[in-house]
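Data first, discussion second: the structure below is written as structure tokens.
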């Protein structure tokens, strides 16, 4: 029994000496059992590199590259084209917030309806595409609130409130276009905001598509449930 305790203490001493005490400091590199991709072959930002002729690790964008969050102009400035707007929220007007002062507005903004290159048949198609990618998983393809998460999602597992129907009749109250836009942007309740994932124009396209789902249900004499 004596040798067992001695062996036990010996093994414990080896473990402590190898891994160190909690909160201890050392100038030696840590003992890494699993590196977890901490060490990679890469060039960090603003670092020099002898691999490139100019000695800079950071490379210039390829000619013609358009940064994420910006829109490609319809025509060149030399031909009268205007500078492209930011793709994401960049203002306090109705187009960027869905609000007119302290109140939600209704209807699509003039930045959409006043531009024939934007407001056309492709606009609603774009809304359908973005809706199916970002919204249908919870709210359902038809907007009835019975998406995939209603059966297999975390809300079902923890008995949380299911996503609501997008039909105004089932929602219990009419929600203005600006209010829908605001919910898409900032989220509400258990729904997180998509303002950093969906561009402003695409958010309005989703609003327009939701209205088309409601109109189709109304004309068919059914409710989205």
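Taking neighbour counts of Cβ atoms within 10 Å as a proxy for exposure, in what order, fewest first, do 28, 213, 124 appear?
By the 10 Å Cβ count, ascending, the order reads 28, 124, 213.
When the chain is fully extended, how far beyond the present Cα-Cα distance does residue 26 get from residue 6, taking 0.36 nm per residue of separation?
Result for the pair: 4.4 nm of gain on full extension.
Going highest first, how would you order 39-48, 127-136, 5-14 by mean Cβ packing within 10 Å? Walk me through the intermediate numbers first.
Values: 39-48: 8.3, 127-136: 18.0, 5-14: 9.9.
Those peptides, ordered most packed to least, come out 127-136, 5-14, 39-48.
With r as the distance between the Cβ atoms of residue 113 and residue 137 and R0 = 25 Å, compute the FRET efficiency 1/(1 + (r/R0)^6) and round to 0.05.
Result of the calculation: an efficiency of 0.30.
Here, each number is a calculation from the coordinates, and none is a lab measurement. Just so it is clear, the structure is predicted and the values come from calculations on it, not from any experiment. All Cβ positions, glycine included, derive from the backbone under ideal geometry; neighbour counts span all protein chains shown.
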